[in-house]
Amino acid sequence: AILRAEWPAEMNLPGLRLSREREPLPTGTEVAYTGYGFGSDESLIKVLSTYRGIISSRVARGKSFFYHLSGLVNQGLSGCALYLPGSGEVVGIVTSQFGPPGLGVGFGGAVPSAVIGRLAENVSRAYR
């Protein structure tokens, strides 16, 4: 889905740019992701948090691949931007957590920006 989000001007949130890089990031690259780490249960206190990790490996799936993250990925972080901390450039989208939910163990996965860019272009063309 492509969503439009609106928030109060006083939040002063900067825009993030989707990387057009077609080559995968090297392992060891430091990344960050910001989101509500424990899902959308109304009984939980929601706190927007930023997490950091590194690209541990690239896992191939046919002609595509995804990033294996070494950093805490809790339930609720799926769909948040994976970005370079220094520039804010979006290099992927966090898609999964592998490990027992809510225990803070396991690892995360992310789809690279090159895949997201192609998908966004196809969706935009289809709905013009």
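Rule-based calculations on the coordinates, nothing more; no lab input. A quick note: this is a predicted structure, and the numbers were derived from the prediction, not measured. Glycine gets a Cβ as well: all are built from the backbone with ideal geometry, and neighbour counts include every protein chain shown.
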With labels modelled as points extended 7 Å from the Cα through the Cβ direction, what inter-label distance (nm, one decimal) is found for ALA60 paired with ARG125?
-> 2.6
Quote to one decimal, in nm, the extra length available between ARG20 and THR50 on full extension: 0.36 nm per residue of separation minus the C-alpha distance between them.
-> 8.5 nm
Using the Karplus curve 6.51 cos²θ - 1.76 cosθ + 1.60 with θ = phi - 60°, work out ³J(HN,Hα) for each residue of region 47-56 in order, rounded to whole Hz, and write x for Gly and Pro.
-> 10, 6, 10, 10, 10, 10, x, 10, 6, 7
Based on the mean of other Cβ atoms within 10 Å per residue, sort peptides 16-26, 48-58, 75-85 so the most packed one is first.
-> 75-85, 48-58, 16-26
